[in-house]
Structures are given as C-alpha cells and as structure tokens.
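The values are calculated or read from the model by the stated rules, or taken from the named source; none is laboratory data. Treat the numbers as computed from the prediction; the structure is a model and nothing was measured. Cβ placement follows ideal geometry from the backbone for every residue including glycine, while neighbour counts extend to all protein chains displayed. All accessible areas refer to the heavy atoms of the entire protein, side chains included, with ligands and DNA or RNA removed. Shrake-Rupley method; radii C 1.70, N 1.55, O 1.52, S 1.80 Å.
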Amino acid sequence: MASYSSSLVRDECLEVVDNQHLTSSISILSLHAPYFASVLRAGQFLEIRTSDSFIPLLRRPFSIHRVVGEYIEIMVKVFGIGSRQLYHARKGDRFQTLAPLGNTFSYERDDFDVALLVSGGIGVAPMPMLEEALRARGKVVYNFVGARTAEEVITRYLSNVFVATDDGSLGYKGNVVALLSEHLEQFRGARIRVFGCGSNRMLDALCKLCNARHLDCEVSLESMMGCGIGICYGCPIRVRNANGHVRTELLCQYGSVVDARTIVFDDI
Ligand SMILES: Cc1cc2nc3c(=O)[nH]c(=O)nc-3n(C[C@H](O)[C@H](O)[C@H](O)COP(=O)(O)OP(=O)(O)OC[C@H]3O[C@@H](n4cnc5c(N)ncnc54)[C@H](O)[C@@H]3O)c2cc1C
Ligand code: FES
C-alpha cells in the first residue's frame, strides 16, 4: 500500500459528461476532471457531494473506476439516497468532489509477478484501473469476480476473468473466495499477490484464506465515510502490528487499502 500526498487534495466542481446505465441499479458516471485525472491512482477514492441540498448532508465515497484522458469514471451502485442521486445524474449536472483520497493499491511492488484481483459486487469498481496499472508494470493479471446473480456480473475492462454467482446463474455457483480457493493450485510456484475489494464480510473470508495459505494480500475495506479526511471519526478500524498489539486507525487516513495480515475483522 503506497501512501499519497495530502497536498494533492482539491475540492472541485465536476461536470457530468455521460451517465451510462449498465443495469437497473449500476451506472458509469463520466466526469470532466483534468486535474483529478492526472493525479488519481488505482485504489484511491473521491468524496462526492451528491446534492446541492442538505439531503444527504455528508459526502459519499466512491472509488476511481477509470481515467480516460481528461475524464474520470465512477461506477455507482444504488444503495440509498446519495448513490441514487448519482445514478440519476444527467449530462451537465455538476458535483462538488474532493480527491485524491486514501492510499493506493501497491501495484508498484516488484516482489510479485502474478496479480489475482478478487472482487465482490460493487467491489469490482476499482479493478479496471488497478489492472491497467499492473499490466503497465508487466504483471500477469487474473480476475475473480463475484456477484449475487448473472445480471449483476460486470467485467468491463477486465481480462482473464473467472466468475462466481451466489445463485449459479453464471460461472461457479458459490462465493468468489471459494472460487479463488479452487483455482489457487494453478498458481503454485508463481510469485503472486492478491488484491481484494467488496463487502467486509467477503474480505474477511478472503483475508482468512490468504493468511492461511501465506499469500500476500491487500484489500480495500468499506466503511461509512462522512468526510474522507480524518475529521468526522466515522471510519474506525482495528489493526494489529507484528507484536500483536491492536490499535485503532481511521480507514480514510490509513487505507482504504490495508494489508490482510493486520486487519482485526471482529470489530468491523
Ligand atoms: C473507500 C470506499 C469506496 C467506495 N467505492 C464505491 C464505488 O466505487 N461505487 C459504489 O457504488 N460504492 C462505493 N462505495 C460505497 C458507497 O460509498 C456507499 O454505497 C454510499 O456511500 C451509500 O450512500 P447512500 O447515500 O446511497 O446510502 P445511505 O442512504 O447512506 O445508506 C443506504 C443503505 O445502504 C447501506 N450502505 C451504506 N454504505 C454502504 C456500503 N459502503 N456498503 C454496503 N451498504 C452500505 C446503509 O447501511 C443503508 O442501509 C465505497 C465506499 C468506500 C468506503
Ligand atoms: S471519513 Fe471522516 S474520519 Fe474517516
């Protein structure tokens, strides 16, 4: 996990240039953002004010999905009011946006050759940018994508994809961590690193699997993030150091990407 300079953070008003509805609850929001496009890195997130009114009062965090020239793309899944406002955004709408926030996935490390990207549900959002960064450094990339059902499987801009669905309507029937577990044998002997994003429940299972198999793994955790800059104290997580000492960190400052060996999931 590479930290990133907070001096790069800006609060800008971004214009929507496109909003492509992929499903009845997931869309790709394209925003004109020349500055953010030049500084955002894979794994980082933005805090978006989804409305000019006070509803919702707080901004909402979204991962950077892709950078295309001067434009950035956000993959939005509707959960509540804020994400619904973004899902229904129209060309020309403008959103106050704080970025770049958080650390990055550690795609620049040279201690692995094969990257296994494991995502559940909307956790697939940061993976295209991560895959692009990994490929640019000569890494071999495989994707393990999990969703509840076939229509929620989104694999755009991902390669070497293995799919798992809870209901078995596409690919492996079961969760994506079980799917990964079944495929690990084929990577025996390779220098691999696992990157995960999804619900904390899924990431707990992923970290347990990787820790048990002594695989290097880092995951982008989720939390309610009201500010993204360490002010609201809404995003505490517990991490354990090498001595076993447990301490509290703010996910927006410490992560959102965290080493699998250090996370204390019981409290999340
Ligand atoms: C670092 C980070 C990156 C994220 N990246 C993305 C992304 O790229 N795309 C995306 O669609 N979402 C992403 N999320 C999740 C997104 O921020 C939340 O879905 C959003 O804040 C919910 O706001 P809301 O107003 O729509 O829902 P609210 O009205 O605040 O909540 C509605 C319901 O959704 C539940 N909920 C709220 N947040 C989450 C959550 N994180 N996970 C599961 N359930 C939740 C609430 O408990 C509640 O039941 C990210 C979250 C974090 C922390
Ligand atoms: S989101 Fe406010 S302190 Fe982390």
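Structural remarks
- Total charge dipole magnitude, the chain, about the Cα centre, Cβ charges on Lys, Arg, Asp, Glu only, Debye to nearest 20: 140 debye
- One decimal place: the segment VAL39-SER199 gains 54.9 nm when fully extended, by the rule 0.36 nm per residue minus the C-alpha distance.
- Ratio Rg/Rh, restricted to the stretch 1-104 and using Cα atoms, in which Rh is the Kirkwood radius: 0.94
- Lys, Arg +1 and Asp, Glu -1 on Cβ, resulting dipole of the stretch 35-147 about Cα centre, debye, nearest 20: 420 debye
- Considering all C-alpha pairs of the chain, those separated by over 25 Å amount to 42%.
- A crude spin-label estimate for the pair GLU15 and ALA242, with each label 7 Å from Cα along the Cβ direction, gives 5.2 nm.
- Dipole magnitude (debye, nearest 20) for the stretch 144-236, charges at Cβ of Lys, Arg, Asp, Glu: 260 debye
- Where no second cysteine Cβ lies under 4.7 Å, the cysteines concerned in the chain: CYS13, CYS197, CYS207, CYS235, CYS252
- The residue list GLY43, GLY82, ASN160 was ranked by how far each Cα lies along the charge dipole of the chain toward its positive end, using unit charges on Cβ atoms, and GLY43 comes out on top.
- Computed over Cα pairs, the Kirkwood radius of the stretch 65-109 leads via Stokes-Einstein (1.567 mPa s, 4 °C) to a diffusion coefficient of 100 µm² per second.
- Annotation for LYS173 and ASP93: the two label points, set 7 Å from Cα along the Cα-Cβ direction, are 3.9 nm apart.
- Net lengthening on full extension, SER3/ARG109 (0.36 nm per residue, minus Cα-Cα): 36.8 nm
- Solvent-accessible surface of the chain, averaged per residue with a 1.4 angstrom probe and all protein chains in place: 46 square angstrom.
- Within straight-line cross-link reach of LYS173, lysines at Cα separation under 26 Å, skipping those fewer than 8 residues along the same chain: LYS77, LYS208
- Mean separation of Cα contacts under 8 Å (6+ apart) over length of the chain, as relative contact order %: 17 percent
- In Hz, Karplus ³J(HN,Hα) per residue of the stretch 152-168 (6.51, -1.76, 1.60; θ = phi - 60°; x = Gly, Pro): 9, 7, 10, 10, 4, 6, 10, 10, 6, 9, 10, 10, 10, 10, 4, 9, x
- Estimated distance in nm for a label pair at ASN211 and GLU151, the labels positioned 7 Å out from Cα along Cα-to-Cβ: 3.8 nm
- Fraction of the pair-distance distribution of the stretch 33-85 above 13 Å, Cα-Cα pairs, percent: 59 percent
- Carbon plus sulfur fraction of accessible area for the stretch 221-268, probe 1.4 Å, in percent: 49 percent
- Projecting the Cα atoms of ALA260, ASN243, SER223 onto the charge dipole of the stretch 221-268 (Cβ charges, centred on the Cα centre) puts ASN243 farthest toward the positive pole.
- Mean projection area, nm², convex hull over Cα of the stretch 105-219: 6.3 nm²
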